[in-house]
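Everything on this sheet refers to the single structure shown next.
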Amino acid sequence: MSEPSLEIFHGRTVANRLMTLVAATRPAFLTASVLPVVVAGALVHHLQGHVSIPLLVLASINIALIHSGANVLNDYFDGLSGTDDNNSSRIFPFSGGSRFIQNSVLSLDETRNLGLALLIMGGLLGLAFAWLTGPALLLVGVVGGILALTYSAPPCLACRGLGDVVIATAFGILPVVGTSLILMHTIPAAAWWAGAIVGCYVAAILWANSIPDIAADRTAGKMTIPARLGAAKAALLLPAWFAAGFSLLVLSPLPFATWIMLLAALPAGIATHAILAGRLIPALPVTILTHALACALLAAGLLLAH
């Protein structure tokens, strides 16, 4: 896949301008936050025998807006720090940012404004949900919004080695918990377990994608855990995220049918083998596939258990 360019995203028509704004959000990666919402829908259906599809769709749109805003603002702050500008080891589109700033498609100001607009839209939709659901959802939304923003904005939690935990929480645990709250007006204990399980695979995506960025991140002072460990040691720990997710599944009170998710060990094993061999190009997309398959199988298991 080629990086964005002014030839493709020329902005001379309204349609092209809209396409540019959508592409700048990195929509292909939104499965990392939307699929946990699907898991929550399956969990609620398992627990109460029905689920509101319109509310589930709106919850998916809400988290997609928040995630999109976080993606764009991450590009903005990495553009300010020079992390993405100096990233000669990037593997596009998995690492090194969207390249919309670096390739002069969008300015820093345009990127910042787009990111803030997306977060505001997500926040407004979240407020509507909170008005319908209650203050507990407002707390979930505020925590999620703060984490999504401060992942890359000052104090830059990613720069302090907290990025993986932040992403596991903001796009793993909180989407499952928040969606369960929207659909049930309560948070079942199983939602915390399901959220923690899928959060491990969200964190695995970030972890793997951070490895090609190590040199650029170090130069810019963005000291992620992979940047602190180095590529070789970071590669050794990617399977730990997979193992943590499978272990939580086995230890959880979720029905036995959800153990079908263990089939995701196949792509997890392929990603592990590739990254330990130093083959990042196959490892990164297969890590994303592992997350997607784990979520899909977990949701299927919950539906089958009903």
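Values as computed for the structure displayed
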{"item": "Unmet criterion (only one of (1) under 24 Å from residue 197 (Cβ atoms); (2) crowded, with 17+ Cβ neighbours inside 10 Å; (3) free of Cβ contacts under 8 Å to residues at least 60 places away in the same chain) for residue 146", "result": "(2)"}
{"item": "Condition check for residue 94: of a type in the set (Phe, Trp, Tyr), buried (at least 21 other Cβ atoms within 10 Å of the Cβ) and not in a helix (DSSP H, G or I)", "result": "yes"}
{"item": "Among the residues listed as 266, 298, 249, 302, the single one being part of a helix (DSSP H, G or I), open to solvent by 20 Å² or more (accessible area, probe 1.4 Å) and out of contact with any strand residue (DSSP E or B) (no Cβ under 9 Å at 6 or more places or on another chain)", "result": "266"}
{"item": "Of all residues in the range 152-171 being surrounded by fewer than 22 Cβ atoms within 10 Å (Cβ to Cβ) and under 11 Å from residue 74 (Cβ atoms), the one that is modelled with the highest pLDDT", "result": "156"}
{"item": "The range 33-54 - residue that is open to solvent by less than 10 Å² (accessible area, probe 1.4 Å) and over 18 Å from residue 260 (Cβ atoms) and, of those, nearest to the chain's Cα centre (by Cα)", "result": "33"}
{"item": "Any hit, the range 156-174, residues being free of Cβ contacts under 8 Å to residues at least 24 places away in the same chain, of a type in the set (D, E, K, R) and touching a Phe, Trp or Tyr at 6+ places or on another chain (Cβ under 9 Å)", "result": "no"}
{"item": "The lone exception for residue 260 - which of (1) closer than 30 Å to residue 155 by Cα; (2) open to solvent by 10 Å² or more (accessible area, probe 1.4 Å); (3) assigned to a helix (DSSP H, G or I) it fails", "result": "(1)"}
{"item": "Single unsatisfied condition, residue 152 versus (1) part of a loop (DSSP other than H, G, I, E, B); (2) under 30 Å from residue 49 (Cβ atoms); (3) within 16 Å of the chain's Cα centre (by Cα)", "result": "(2)"}
{"item": "Residue match in the range 212-232 (condition: small (Gly, Ala, Ser) and closer than 15 Å to residue 286 by Cα)", "result": "no"}
{"item": "Selection status of residue 238, crowded, with 20+ Cβ neighbours inside 10 Å and more than 19 Å from the chain's Cα centre (by Cα)", "result": "no"}
{"item": "Any hit, the range 13-24, residues being crowded, with 20+ Cβ neighbours inside 10 Å and in contact with a helix residue (DSSP H, G or I) (Cβ under 8 Å, 6 or more places away or on another chain)", "result": "yes"}
{"item": "Conditions (1) open to solvent by less than 50 Å² (accessible area, probe 1.4 Å); (2) of a type outside the set (Gly, Ala, Ser); (3) in a helix (DSSP H, G or I); (4) farther than 24 Å from residue 298 by Cβ: number failed by residue 9", "result": "(3)"}
{"item": "Count of the range 215-234 residues which are open to solvent by 10 Å² or more (accessible area, probe 1.4 Å), in a helix (DSSP H, G or I) and not polar (S, T, N, Q)", "result": "9"}
{"item": "Residue, most open to solvent (accessible area, probe 1.4 Å), within the range 100-135, restricted to residues that are in contact with a helix residue (DSSP H, G or I) (Cβ under 6 Å, 6 or more places away or on another chain), more than 15 Å from residue 66 (Cβ to Cβ) and in a helix (DSSP H, G or I)", "result": "112"}
{"item": "Residue satisfying condition, being over 18 Å from the mean Cα position of the chain (by Cα) and acidic (Asp, Glu), within set 85, 78", "result": "85"}
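The values are calculated or read from the model by the stated rules, or taken from the named source; none is laboratory data. This is a predicted model, so every value here is computed, not measured. Here the Cβ is made from the backbone with ideal geometry for all residues, glycine too, and neighbour counts use every protein chain on show. Each accessible area value is taken on the protein alone, full model and side chains, heavy atoms only, with ligands, DNA and RNA left out. Shrake-Rupley method; radii C 1.70, N 1.55, O 1.52, S 1.80 Å.
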